[in-house]
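To start, the structure itself, in structure tokens.
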Amino acid sequence: KEMKLEDLLQGVEPLRIAGDAGVEIEALTFDSRKAERGSLFFALEGEQSDGHDYIGAAVERGAAAVVCQRLPQECLPGVTYVVTADSHEAMGRMASAFYGYPSRRLKLVGVTGTNGKTTTATLLYDLFRGLGYKAGLISTVVYRIDTERVESTHTTPDALTLNRLLAQMADRGCDYCFMEVSSHSVVQRRIAGLEFAGGIFTNITHDHLDYHKTFAEYIRAKKLFFDGLPAGAFALTNIDDRNGRVMVQNTAARVSTLSLCGAADFRCRIVEMHLEGMELRVDGRELWVGFLGRFNAYNTLSVYAAAVLLGADREEVLRGISALRAVSGRFEAIRSPKGVTAIVDYAHTPDALQNVIDTINEIRRPGQKLYVVVGCGGNRDATKRPVMAAIAAAGGDLAVFTSDNPRKEDPDRILAQMREGVTEGERYL
């Protein structure tokens, strides 16, 4: 595949072009080690390293052009240098052009929020496949191109991977793609150049403060996604969350609201809850689902509302949702022959852990003991460690602490920080 550099620059406003804008581009990369003859290299400023330091290496390997925020000291003849205000933004827009604007060739729906992104996106994918459509999925757990499974690397991949995946989906006839939109990806402009058919806000709680530094910055990152939605899209927001209305206050998209507590465009109430599932009343209709918990009632309502906003028939959607199964690792119940029930949940925030424990305590029978095994990963937001330990110790009969995946941190240090949250008299291992 070849495209002229000047054609890739549609929608980008370069500050300066040094060299021939008509040069043919055969590949895109932001990794100088993958640069080759005819490729375009993006020099990206990152947390750990600066791509501008590798411009020379990329050119040595044959890069025909470079997109950067400042020119290198030596500009070599025969290489075109494009200076932009933001290389990340330019990469998103140019990747979209290189792959034939794939987000215009299907209906792309983004799901953002602290908790519920994976479940909501995955259930939407499962629902629309069940309704007979071809669909794609981009989630923390896995990427899917219709039936093909592709291992996931990030919640939201880099702009080049993202546009390549969307192009593969569109080429295979996918009508929809449901993707998680992380706050990192919004700030790093990974979704620049994509055209969304809709956006969903689940909730926002304490997370990723290792990256965003303050809660206000974290909220701003989420809100930027909705600020960028086009007028023809929908913006679906959970107004039971105190930031639910803030998210959509500046969006050009059509705003729809959902609630379990009060008046909204889409409403839901939990009628009954058992270990096998729960009965819900959604928009005045009874519905049995095979998962449980108040948080899953929100996820179910989000899936129902989004499907209706995408034009699906309400009755078909309700039938489809009742056939869905819990997402792997999301409040997944496993029962032993001896009657012990293990519930697996990838709760990585204090709020998510509290939700899981509250739900179990609502449905466990008198005399049943609850052991909570909780881990905190290394090289991630350390401020939530004592908080999660405190929730685990207070919510069950016994808490068991682990360092989960310590990455490059000392596991004992992680456990020591978790123990800081436990008060005297509470049982833990």
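The values are calculated or read from the model by the stated rules, or taken from the named source; none is laboratory data. Treat the numbers as computed from the prediction; the structure is a model and nothing was measured. Cβ placement follows ideal geometry from the backbone for every residue including glycine, while neighbour counts extend to all protein chains displayed. Accessible surface areas use protein heavy atoms only, side chains included; no ligands, DNA or RNA. Shrake-Rupley method; radii C 1.70, N 1.55, O 1.52, S 1.80 Å.
Testing the spin-label approximation: label points 7 Å from Cα along Cα→Cβ at Glu424 and Arg281. State their distance in nm.
With each label placed 7 Å out from Cα toward Cβ, I get 4.9 nm.
Just order 234-243, 263-272, 377-386 by mean Cβ neighbour count inside 10 Å, highest at the front, would you?
234-243, 377-386, 263-272
Using the per-residue mean of other Cβ atoms lying within 10 Å as a proxy for protection, in what order, highest first, do the peptides 223-229, 285-291, 361-367, 303-309 fall? Can you show the working numbers first?
Working: 223-229: 21.4, 285-291: 16.3, 361-367: 9.6, 303-309: 24.9.
Packing order, densest peptide first, comes out as 303-309, 223-229, 285-291, 361-367.
How big is the dipole moment of the chain about its Cα centre under a simple scheme where the beta carbon of each Lys and Arg is +1, that of each Asp and Glu is -1, and everything else is neutral? Debye, nearest 20, please. Don't jump to the answer; show the numbers that get you there.
On the way: 50 positive and 55 negative charges, 182 e Å.
Dipole size: approximately 880 debye.
Place a +1 charge on the Cβ of each Lys and Arg in segment 4-115 and a -1 charge on the Cβ of each Asp and Glu, then give the dipole magnitude about the Cα centre in debye, rounded to the nearest 20.
Numbers: 11 positive and 16 negative charges, 97 e Å.
Dipole about the Cα centre, nearest 20: 460 debye.
Could you sort the peptides 409-422, 44-57 by per-residue average Cβ neighbour count (10 Å cutoff), highest mean leading?
Numbers: 409-422: 16.5, 44-57: 14.8.
For the peptides 409-422, 44-57, the packing ranking is 409-422, 44-57.
Return the calculated 222 nm mean residue ellipticity for the chain, to the nearest 500 deg cm²/dmol, obtained by summing -39500 (n - 2.57) across DSSP H runs with n ≥ 4 and dividing by the residue count.
Calculated from helices alone, the mean residue ellipticity at 222 nm is -9000 deg cm²/dmol.
So what's the projected area for the chain, the Cα convex hull averaged over all directions, in nm²?
Values: hull surface 90.6 nm².
For the Cα atoms of the chain, the hull's average projected area reads 22.6 nm².
From Cα pairs below 8 angstrom and at least 6 apart in sequence, can you work out the relative contact order of segment 224-275, rounded to a whole percent?
32 percent
For a Förster distance of 35 Å, can you work out the FRET efficiency between the beta-carbons of Glu74 and His184, rounded to the nearest 0.05? Kindly include the intermediate steps, with their values, before the conclusion.
On the way: r = 33 Å, r/R0 = 0.95.
The calculated FRET efficiency here is 0.55.
What nm distance separates the two modelled labels at Ile334 and Ala394, each placed 7 Å from Cα along Cα→Cβ?
Result for the modelled spin labels: 2.9 nm.
Heavy atoms only, 1.4 Å probe, whole protein assembly: order Cys261, Cys177 by accessible area, highest first.
Working: Cys261 90, Cys177 0 Å².
The residues order as Cys261, Cys177, largest area first.
Using +1 at the Cβ of each Lys and Arg and -1 at the Cβ of each Asp and Glu in the chain, identify which of Pro14, Ala167, Val373 lies farthest towards the dipole's positive end.
Most positive-ward Cα: Val373.
Determine the relative contact order of segment 240-361: mean sequence separation of Cα pairs under 8 Å and six or more apart, normalised by residue count, in whole percent.
16 percent
At a threshold of 8 angstrom on Cα-Cα distance, excluding pairs fewer than six apart, so keeping six or more, what relative contact order does the chain reach in percent?
Numbers: 895 pairs, mean separation 41.7, N = 429.
In percent, rounded to a whole number, it is 10.
Could you compute the net charge surrounding Asp412? Neighbours are other residues with a C-beta less than 15 Å from the C-beta of Asp412; K and R count +1, D and E count -1.
Values: positive: Arg385, Arg407, Lys408, Arg413, Arg419; negative: Asp404, Glu409, Asp410, Glu420.
With Lys, Arg at +1 and Asp, Glu at -1, the net is +1.
Roughly how big is segment 24-180's charge dipole about its Cα centre, with Cβ charges of +1 (Lys, Arg) and -1 (Asp, Glu), in debye to the nearest 20? Working shown, then result.
Working: 16 positive and 20 negative charges, 136 e Å.
It comes to approximately 660 debye.
What whole number of Å gives the distance from the Cα centroid of segment 255-288 to the Cα centroid of segment 329-343?
Answer, in whole Å: 25.
Can you figure out the FRET efficiency of Leu260 with Leu15, using R₀ = 45 Å and their beta-carbon distance, to the nearest 0.05?
Values: r = 49 Å, r/R0 = 1.09.
With R0 = 45 Å, the Cβ-Cβ based efficiency is 0.40.
Given Leu301, Val317, Tyr346, which one lies farthest toward the positive end of the charge dipole of segment 239-346, if we put +1 on the Cβ of every Lys and Arg and -1 on the Cβ of every Asp and Glu?
The residue sitting farthest along the positive end of the dipole is Tyr346.
If you average 1/r over every pair of different alpha-carbon atoms in segment 1-142 and take one over that average, what Kirkwood value in Å do you get?
Details: mean 1/r = 0.0593 Å⁻¹.
One over the average 1/r among Cα pairs gives 16.9 Å for segment 1-142.
Report the extension gain between Ile363 and Asp53 in nm, rounded to one decimal, defined as 0.36 nm multiplied by the number of residues separating them, less their alpha carbon distance. Don't skip to the end; give the middle numbers.
Details: separation 310, 0.36 × 310 = 111.60 nm, distance 5.70 nm.
Stretched out fully, the Ile363 to Asp53 stretch lengthens by 105.9 nm.
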